[in-house]
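Read-outs throughout are calculated quantities, based only on the coordinates presented, and are distinct from any laboratory measurement. Quick caveat, the model's predicted, so the values are computed rather than measured. Here the Cβ is made from the backbone with ideal geometry for all residues, glycine too, and neighbour counts use every protein chain on show.
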Amino acid sequence: MVFSETTSSSPTTSSSVAATDTMIILLMLLAMLHTGLAAITGFEEIEKNLITKLGLSRRPVVEKNMKIPSATMELYKSMLEENNAMTTHFPLPGLHTTSANTARTYSNKGSAPNSSKSKKYRLQFDIDSIPEREQFKAAEVRFTMIYDTELRNEEFIHVLIHDIVQPGAKGLSKPILRIIDSKSINMSKVSKSEVISFDVTPAIERLSRNNFKDNHGMLVQCVTESGSHTHLLSVFDFVSPEKTLLLVYTDDGTGEKTGKSTLERMMTRRSKRSADGPEAPQQKKTRKKKICQRYSMYVDFKDVGFNDWIQAPPGYDAFYCHGECTFPLANHINASNHAVMQTLMNSYNPAAVPRACCVPTRLSSQTLLYVDDDGKLVVKNYPEMTVDECGCR
């Protein structure tokens, strides 16, 4: 069985081809399952190939009863809506994520403040690298606010986020800090479990230049009015790890669409074999009645054994194209001018010129929420995963 096609192409085209290979592997896994071949060595090879396409080095091992932070799930759901607009990017307000298609979640590992009345708190995220093939775009820290009726007054608190460039030495030197974002919050307008976002792009950008060797964390500072008794632990939930998150946005370059996709080439080869290969008379008679169109094909991640590390969705309808491109081509078949001419020549001399092929002519992206090989939750948009339209080419 041939799993991929080797062609010479530009780097940009190669990135698009690599992305669409992911869908091909999913289709092959599903096909092998239905034909009873899931237990053979080929299944493991295809699974390994898919894991590589997802940017993983091995099959992830997921903790039992793993909790998905609400901020990560909200991001995933928002991208499902954006995918209807045919995009693979994270168009988040205020962040430079217009070309980012990957988001990783990091939980806060810092210890709680020693004093419950503290107005400073040190955040520590265990980010130590960004995959080499990905380009860093933006980062944000999301805090979940505590709904405290006693604090629902007209008081404004000012929250500042500092990058700890160099930690201080007790009794010897003060830390070197750089402010990276700040916000003023009206406590009377705080809603239950409201999430506040801070742009920490400069801090992660600085750390990435030195391979995260100087990751000393960030400092949150709460500045209040004179005489105020408001402190950090009464405003933000720093106790629950999933309530203080770092989201890092990157671009792996697979969102660009140039050249002919691997999926389209595969579907073209399959359509040619279907049109030119030997068929039973009854089968041939039946297929002649079916013109090129789109058919449903649901990919269930549980069926192919990926539901333990792909957290959402449980599956999706990838669709596929099938049918005849016979002369004369109907207008609704969405045929190219070349397909019209090829079909015309085929009608005159079928032995010399094959029929045009039924292939995807428009595809859209699919968002996956999965666990990577470092145990981090990843929201990623993969282009050309779903067939939207079929046509003759």
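What to note about this one:
- The H on the amide N of residue 389, modeled in the peptide plane, is under 5 Å from the matching H of 361, 362, each at least 5 residues off or on a different chain.
- Treating r as the C-beta distance of residue 59 and residue 155 and R0 as 41 Å, the FRET efficiency rounds to 0.20.
- Extension gain, residue 308-residue 214: 0.36 nm per intervening residue step, less the Cα-Cα distance, totals 30.4 nm.
- Among 157-170, 341-354, the peptide with the highest mean count of other Cβ atoms within 10 Å heads the list, and the full ranking is 157-170, 341-354.
- Potential lengthening of the chain between residue 194 and residue 362 amounts to 56.6 nm, from the contour at 0.36 nm per residue minus the alpha-carbon distance.
- With θ taken as phi - 60° and the Karplus curve 6.51 cos²θ - 1.76 cosθ + 1.60 applied, the whole-hertz 3J(HN,Hα) list for segment 119-125 is 10, 9, 8, 9, 8, 9, 10 Hz, x standing for glycine and proline.
- Distance (nanometres) between label positions extended 7 Å along Cα→Cβ at residue 389 and residue 330: 1.6
- Efficiency of FRET between residue 337 and residue 239 - r from beta-carbon atoms, R0 56 angstrom, step 0.05: 0.30
- Positive minus negative residues near residue 201 (Lys, Arg vs Asp, Glu; Cβ under 10 Å): -2
- Counting 0.36 nm for each residue step from residue 184 to residue 44 and taking away their Cα separation leaves a gain of 45.1 nm.
- Residue-wise HN-Hα coupling along segment 357-373, computed from phi with Karplus coefficients 6.51, -1.76, 1.60 (Hz; x: Gly, Pro): 10, 8, 9, x, 10, 8, 10, 10, 8, 9, 8, 10, 10, 9, 9, 7, 6
- Backbone N within segment 309-332 under 15 Å of label point (7 Å from residue 347 Cα along the Cβ vector): 325-332
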